[in-house]
Amino acid sequence: MAKTVLVVEDDSNIAELLHLYLEKEGYCVLTAADGLKGVELFRTGEPDLVLLDIMLPGLDGWGVCRTIRQSSQVPIIMLTAKGETVDKVSGLKMGADDYITKPFEMKEVLARIEAVLRRGALPEESPRKRLVYDKLIIDLDSFELVVDGKKVDTPPKEMELLYHLAASPNRVYTRNQLLDEVWGFDYFGDSRTVDVHIKRLREKLEGVSDQWSLKTVWGVGYKFEANTP
């Protein structure tokens, strides 16, 4: 069954180009020219992924992202202006899964969409992926994070990063290793993405238990430090 992509973009030329290209690649495409219409189409169209511009009339991309994240963890790829690092970081902090910098090539858009959708898909008969630590359950099958007995809404990429670290406790990973092993070789971003996701995870996990923690190994990278018998 064809995946549905919602394109929220007020530049009619860009929106039309994305629409035509993605349809040619086999996707169903919904388009909205402003943020409020984008939210409406998201609720009625139930897309599998959202391409979301930041500068939108009515309700900007930040507002659309916040609204979507209140009820859904559907993948969101932000469309940002060239060189606007602040926009990229803000989008990731808000729950976006990736970003594309304008101007972009359609092959890059397609590669990022495929990568994000592939990361969110689980094989039908894959081994159970569930880790349990003191006051922490990381269930990658259901993409649920339970912290101190409470379910915590967590974007798919944060879940995958935490699971990857916690699956090999006390092993130190460099940022580039995490980009390769969690984001994949087809990721076009930089290592700052890892830092942003770690920061967001720490905000959810800090001080929960003295049995484990997310640690920075200065000059190297990160590890999930856990007490061992």
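The values are calculated or read from the model by the stated rules, or taken from the named source; none is laboratory data. Keep in mind that what you see is a predicted model, and the values were worked out from it rather than measured. Glycine gets a Cβ as well: all are built from the backbone with ideal geometry, and neighbour counts include every protein chain shown. Side chains are part of the model used for accessible areas, which takes the heavy atoms of the whole protein and leaves out ligands, DNA and RNA. Shrake-Rupley method; radii C 1.70, N 1.55, O 1.52, S 1.80 Å.
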> Can we say residue 216 is among the β-branched types (Val, Ile, Thr), at pLDDT below 90 and open to solvent by less than 60 Å² (accessible area, probe 1.4 Å)?
Replying inline: no
> Before we move on, is residue 46 closer than 20 Å to residue 118 by Cβ and open to solvent by 50 Å² or more (accessible area, probe 1.4 Å)?
Replying inline: yes
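Report yes if some residue within the stretch 13-28 is open to solvent by 60 Å² or more (accessible area, probe 1.4 Å), more than 20 Å from residue 109 (Cα to Cα) and modelled with pLDDT under 95; otherwise report no.
no
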> Of all residues in the stretch 93-111, which are open to solvent by less than 10 Å² (accessible area, probe 1.4 Å) and in a helix (DSSP H, G or I)?
Replying inline: 109
> How many of the residues in the stretch 3-27 are over 21 Å from the mean Cα position of the chain (by Cα) and not in a helix (DSSP H, G or I)?
Replying inline: 4
> In the stretch 107-130, how many are modelled with pLDDT of 80 or more, acidic (Asp, Glu) and over 14 Å from residue 76 (Cα atoms)?
Replying inline: 1
> Taking the stated definitions as given, is residue 75 closer than 20 Å to residue 102 by Cα, of a type outside the set (Asp, Glu) and surrounded by fewer than 15 Cβ atoms within 10 Å (Cβ to Cβ)?
Replying inline: no
